[in-house]
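So the structure is just underneath, and the comments pick up after that.
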Amino acid sequence: MPRQRRERPSLADAEGIMAVMKIPGHDHQKPREVTLEEVRAVLGDCHLCALGQTRTNLVFGVGNPHARVMFIGEGPGRNEDLQGEPFVGAAGQRLNSLLALAGLRREDIYIANVIKCRPPSNRNPQPDEIAACSPFLREQIRSIWPDVIVCLGNFATQFVLRTEQGVTKLRGQLYQTGHFVVCPTFHPAATIYHQDWLPLLESDMRMVGAWLAANPPKEA
């Protein structure tokens with residue numbers, strides 16, 4: 001059975017309440033009350049940070065709106081910026097090949113990023129860019145309300161677990177933060193350049209699969 005321990009809450013406060021964005025037609029919305037389409041409509045043609053001036057396409061997210069597992073990456077790369085969809089380049093191909101280790105298919109999951117616009121030259125996201133995007137990511141999470149969040153890389157891990165530690169120290173176990181079980185692991189793109197990390201990412205995917213098998217979905 002995968003080892004779990006509690007980490008400091010980040011998406012929710014100490015009482016388990018997530019910060020709420022105002023969505024037209026809703027007041028203090030509950031999990032799964034607001035659709036992803038409504039969140040996307042509020043995001044619109046976002047220019048809340050400077051990345052809105054340099055992007056080709058805004059990359060909102062894609063996948064199953066009722067997914068048990070949500071994957072969160074860092075931000076769009078060149079291919080994602082051109083196509084407006086996350087994980088369509090080499091990292092996406094690698095992720096697709098890894099999903100089976102957790103008993104998952106691409107159509108089973110939802111994928112989003114910490115930021116929704118590609119930073120110039122694929123530089124790291126800046127704090128103000130993350131701050132501008134984070135309310136929309138929180139609403140995506142609230143809309144889907146997954147059982148498991150897989151954090152791909154440092155930025156997703158540090159955002160979700162509210163920590164300054166890197167993924168190399170945190171990976172290898174699951175963390176309970178409010179409703180969510182969180183799996184920090186390497187970004188698939190990192191394993192293309194660091195082949196020795198690939199077996200560790202594969203191990204983490206198997207760990208997620210073991211948790212899903214041991215915790216079947218509850219009847220509605």
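Below are the figures for this structure:
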{"read-out": "Verdict on VAL69 being touching a strand residue (DSSP E or B) at 6+ places or on another chain (Cβ under 8 Å) and over 27 Å from VAL20 (Cα atoms)", "value": "no"}
{"read-out": "Test: residue in the range 211-220 that is more than 15 Å from LEU99 (Cα to Cα), in contact with a Phe, Trp or Tyr (Cβ under 6 Å, 6 or more places away or on another chain) and not charged (D, E, K, R)", "value": "no"}
{"read-out": "Out of GLY166, GLY103, GLY92, GLY77, sole residue that is among the small types (Gly, Ala, Ser), on the phi < 0 side of the Ramachandran plot and in contact with a Gly (Cβ under 6 Å, 6 or more places away or on another chain)", "value": "GLY77"}
{"read-out": "The range 107-124, residues that are buried (at least 20 other Cβ atoms within 10 Å of the Cβ), within 17 Å of ASP81 (Cβ to Cβ) and either more than 15 Å from the chain's Cα centre (by Cα) or of a type outside the set (Val, Ile, Thr) (or both)", "value": "ALA112, ASN113, LYS116, CYS117, ARG118, PRO119"}
{"read-out": "Candidate set: the range 47-106, residues that are polar (S, T, N, Q) and outside any loop (DSSP other than H, G, I, E, B); chosen: the one surrounded by the fewest Cβ atoms within 10 Å (Cβ to Cβ)", "value": "GLN53"}
{"read-out": "The range 95-147: number of residues that are of a type outside the set (Gly, Ala, Ser) and within 17 Å of VAL69 (Cα to Cα)", "value": "25"}
{"read-out": "Search result, residues across the range 144-158 that are surrounded by fewer than 24 Cβ atoms within 10 Å (Cβ to Cβ) and of a type in the set (Gly, Ala, Ser)", "value": "GLY153"}
{"read-out": "Helices (runs of 4 or more DSSP H) completely within the range 127-206 that count 3 or more residues being at pLDDT 95 or above, in contact with a helix residue (DSSP H, G or I) (Cβ under 8 Å, 6 or more places away or on another chain) and over 23 Å from LEU99 (Cβ atoms)", "value": "127-144"}
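The values are calculated or read from the model by the stated rules, or taken from the named source; none is laboratory data. Keep in mind that what you see is a predicted model, and the values were worked out from it rather than measured. Cβ atoms come from the backbone with ideal geometry, glycine included; neighbour counts cover every protein chain shown.
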